[in-house]
Amino acid sequence: MQIRIFFLILLFFIEILHFVSNNQCSHNFIVFSLDNQQNNSFEKDFSFLDDSKSCDQFLTKLLSTEEDKDGKSQISNCTDELLEIDLMPYSVFPDGENILPHVKLNLSFAARSSKVKEIYFQFRCLYSPNKGDYLCHKQEILIRKWGRMIWPCRRLKIGDYFKDKDDLAIFFSYTCYNLFSLSQYLLDIFVITNQDGSICRKTLLLTAPLERQLDPKIDYFYTGVGKLPEWSPLIYVDFSHFGEILVNLSPMRWIWPLRDINLSIFSVSDLDGFSQNNKTKNEKHLLISNERIHPQKYDKNSLLVNLFNKFESKQHWRKYWKNVDFGKYILYAFLDNNQCELVCDENSIAGKNCINCPHTVLNFTLFESKYSNDWKRRKTLILISTYVVILLLAAIVITSILFLSLRFWRQRALQRRQPESVELTKRPNVLILYTDDCQQHTDAVMALCNILEENANASCFVDQKEFLQNPTVRPGVWLTEKLDECDFVLTIFSECSQRVMAGQKMAQRRHFSDYFNIAIGFVISKINEIASNEGLVKNGIIHRRSTKRQKGSTHKNGGILSQNTPKNSTSETFESSPLSRLNQFAFARFSYSHPNSIPSFFKSTLFCAGFGSLILPQHIGPLIAWIHGILDLNNRRDLNETEKNNKFEHQADLSPLNVAIEEFKRFELENPNWVNERFDTGKDKRGEEQDDSSSKELPQINQHLHIPNLAEQAEIAERFGLLGLDENDEEIDQENDEDLNEIRNDTGLPQSLHTQRGQKRYELVGRLEDYDSSSNNSLNEQ
């Protein structure tokens with residue numbers, strides 16, 4: 001019981017002595033001549049205010065003038081050229097028996113006397129684990145003394161004598177504030193310059209290790225054991241430098257051995273959650289720097305060199321930490337003697353024998369990054385480059401995704417119908433109709449004919465080849481025979497085609513006249529016959545084939561509803577229907593011909609198995625597929641032009657056709673007026689009766705196309721004197737008379753034509769311009 005009372009009394013006296021010792025402060029003011037290197041003491045040319053309340057009032061009034069409209073301070077940082085600062089620990093060993101040793105802070109200033117007018121410094125306690133630290137835990141003492149909480153404040157005012165003395169430097173040393181173990185303190189220093197009265201600031205953050213580690217003498221005081229000194233330095237950090245942080249390591253003055261001090265810097269990042277042991281936040285420490293700090297001499301231009309020249313060492317331990325990001329950091333300073341570790345793992349086997357190195361720890365938070373101008377520019381370039389790289393990578397990724405998606409989609413689309421190789425076993429007969437524009441155009445037609453025979457296994461019939469082999473062949477007879485014999489009819493339009501259809505005559509270049517106008521009449525007549533037989537004519541207009549059925553029943557007869565079908569019955573359209581015989585006709589042009597050379601009627605998808613008009617040689621693949629019955633696009637409205645062109649691949653050699661096309665282009669370039677020269681200057685009677693607009697009377701798909709019946713065809717043939725039959729064809733004349741008496745349907749077209757009559761069953765030949773407006777009006781009135 002007596003021992004407890006003794007310790008309580010001892011602790012009480014220790015707190016009193018700590019408070020009393022705080023008032024035992026000392027200061028020293030020295031003036032040094034830079035010319036003669038001599039020290040002088042001036043007691044009357046400076047004033048030192050150690051009253052915290054008065055100092056705080058002056059400082060508060062001074063700082064209020066430097067605030068902006070938002071209440072934020074606009075004070076700049078002081079440079080080392082204006083004011084140099086040095087902090088050191090100072091051990092106090094009292095002579096009394098009941099007084100324990102403790103550590104005070106020694107603060108030293110050095111500046112040119114002509115630059116500095118006043119210096120304020122304020123000392124604050126930020127954190128202290130020691131309850132005896134009155135600045136952190138006994139603030140009620142200061143509140144009772146001053147009426148409010150005022151941090152210890154001091155002011156040094158330099159006299160006017162030094163205002164113009166550029167050759168004088170002042171040194172001020174002040175030892176007063178107690179440093180408790182593991183506590184952190186903040187020292188704010190404000191300087192009023194002598195020239196313009198502006199204010200600048202220095203902010204220092206400092207901490208001290210255990211007193212026994214800071215000064216080995218204190219350890220010896222408690223243990224009484226003499227051994228090699230194990231110590232760690234005081235750490236203080238200067239935040240007033242531009243683009244960097246100055247880290248100072250300051251051991252006791254009497255030690256100052258020529259040894260390196262290890263400095264480790266860690267960045268701290270908070271993790272989610274709390275530690276289960278002490279309920280604190282989990283943190284992650286990342287080592288940024290670990291280096292040995294060598295003892296360094298002060299720069300020769302430093303004023304502190306003169307201060308320590310006589311009686312102190314001139315060495316210091318410093319690190320200029322450049323280009324620091326904002327965030328949390330921890331500094332460790334220790335001596336590495338190869339016998340201790342900074343951190344020991346207590347859970348490991350080696351951790352049981354591990355010895356912790358005496359060290360000093362300082363943690364702080366940097367709220368604003370410290371970047372130099374060069375580093376700022378570099379960071380900006382790095383940031384811009386990073387964004388550019390990210391955008392490029394994003395563009396590459398998006399492009400790759402789109403490419404892969406399109407490729408995958410295309411593969412899936414192709415997988416729906418795998419490409420298959422088709423052997424061209426059939427040998428279809430193809431009749432080619434064209435106008436004899438010039439020799440180059442005829443050569444292109446012959447080249448196309450050879451390609452179809454060599455690569456498409458087709459038999460082509462062309463007047464150029466047939467009439468040369470047998471000059472006695474009559475064109476009219478040959479044309480009617482081939483129209484009946486051939487499986488497909490390919491009509492090639494060119495620059496002269498529409499003028500020939502309009503009634504103009506070309507100068508005869510061959511031993512037989514051009515029959516293109518008559519052939520077009522045959523083709524139109526054939527189209528009329530097929531459209532009538534297949535029920536594609538409604539109200540005098542050719543429609544696309546549609547096969548319908550009633551719900552629950554299927555109709556035959558080509559998919560056409562019978563006459564007994566109720567008009568109000570519900571019908572559906574089949575998704576697919578058999579090809580119409582109109583698909584045996586195809587109309588094309590070469591690539592050198594104008595797109596308008598093909599009349600719009602012949603561009604319809606009713607022909608060529610739904611493909612429409614062809615452009616050669618680009619559409620040679622669909623052409624080969626058409627004559628072999630592979631092409632069927634009547635139910636494929638979803639395909640665009642590119643998909644139609646690329647749907648069929650071939651291995652045909654198109655070089656002869658390409659050569660012929662180039663020859664035509666060269667001929668056209670050398671003879672720009674060749675078309676007008678190709679036609680006769682005079683017009684025949686028929687041409688005079690018709691105007692130039694007759695070619696515009698071509699039937700248009702999906703417009704009101706009037707198809708003349710047999711009686712009207714006979715009238716047209718007699719009116720215009722079209723090609724008659726041979727003298728020996730008396731049987732056909734009788735058949736013509738019978739055809740006029742056939743039963744007609746509601747549209748005025750023959751309900752059926754006897755296809756078994758023979759090869760020469762065409763009793764009438766009509767031309768495209770024969771369907772004049774008078775016949776149209778007469779049929780519409782009916």
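Every number here is computed from the coordinates shown, using simple stated rules; none is lab data. A quick note: this is a predicted structure, and the numbers were derived from the prediction, not measured. Because the Cβ atoms are built from the backbone with ideal geometry, glycine has one as well, and the counts that use them run over all protein chains shown.
Label sites at ILE390 and LEU342, each approximated as a point 7 angstrom past Cα along Cα to Cβ, lie 3.2 nm apart. Given R0 = 30 Å, the distance between the Cβ atoms of GLU649 and ASP487 translates into a calculated FRET efficiency of 0.85. For the residue pairs LYS61/LYS379; LYS145/LYS217; LYS202/LYS376, alpha carbon separations beyond 30 Å are given by LYS61/LYS379; LYS145/LYS217. To the nearest 0.05, what FRET efficiency results for LYS157 and ASN130 with a Förster distance of 35 Å applied to their C-beta separation? So the FRET efficiency works out to roughly 0.55. Scoring 136-148, 98-110 by mean Cβ neighbours within 10 Å over their residues and listing the highest first yields 98-110, 136-148.
Taking only the Cα atoms of region 136-247, the ratio Rg/Rh comes out at 1.07, with Rh defined as the Kirkwood radius. Under the combined filter of DSSP loop state and at most 10 neighbouring Cβ atoms within 10 Å, region 336-394 retains these GluC sites (Glu not before Pro): GLU346, GLU368.
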